[in-house]
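Values quoted throughout were computed directly from the atomic coordinates according to the rules given, and no laboratory measurement underlies them. Predicted model, so just to flag it, every value in this text is computed and none were measured. Positions of Cβ are backbone-derived with ideal geometry, glycine not excepted, and every protein chain shown enters the neighbour counts.
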Amino acid sequence: VIISCIFYCFFSRSRKSCFMNLLHQMNEWSSKHHPKWLVALRAALGICLFLKGVWFIENSVILTGVISQSSFIQNAPWLNTVIPWLHLLGGAMILVGLFTRLWCLLQIPVLIGAMLLVNVRQGFFAGESDLLFSIIVFVLLLFFFIEGGGPLSLDNFLRGSSKGKATR
């Protein structure tokens with residue numbers, strides 16, 4: 001349903017209002033259908049991304065080697081800095097639920113690169129393969145991109161406090 005709405009919005013003449021309407025509908029659906037256990041799942045995703053960012057900083061030589069071995073992204077040394085910081089900041093923001101959709105969207109290209117350029121080359125059954133972990137994190141990022149931060153998030157808290165100020 002969401003994909004068909006996005007497809008319709010892309011080819012519609014009033015794209016801006018259509019996308020805003022789609023985001024509003026996603027937000028309404030998310031606030032009504034968000035079980036509390038998803039907060040723990042979102043927090044676990046944020047912690048995993050944060051810890052992976054710490055691991056990338058501690059093992060920057062390994063990250064540099066992986067990036068230099070790839071023929072597709074060989075000329076992008078800036079990725080050695082961007083990927084760990086995206087994981088650190090994105091993991092922390094997803095953990096507390098601040099701009100959850102934005103940070104999930106920023107993490108998705110990194111995970112696609114990890115799955116296609118790194119883990120597939122090593123193989124699924126390799127001893128040190130992170131392909132299964134990358135797939136799980138990718139699916140969770142897609143899920144929380146659609147679902148949002150939920151009722152127990154900093155986004156929801158700030159949205160509630162701004163509504164309270166507007167009515168006073």
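Numbers for the structure displayed
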item	result
Under the Karplus curve 6.51 cos²θ - 1.76 cosθ + 1.60, θ = phi - 60°, whole-Hz ³J(HN,Hα) for segment 48-57, x wherever Gly or Pro sits	4, 5, 4, 5, 5, x, 4, 4, 5, 5
FRET E, pair Glu28, Ile146, Förster distance 22 Å, beta-carbon r, rounded to 0.05	0.95
Label-to-label distance, nm, for residues given as Ser60 and Trp37 (7 Å Cα→Cβ offset)	4.1 nm
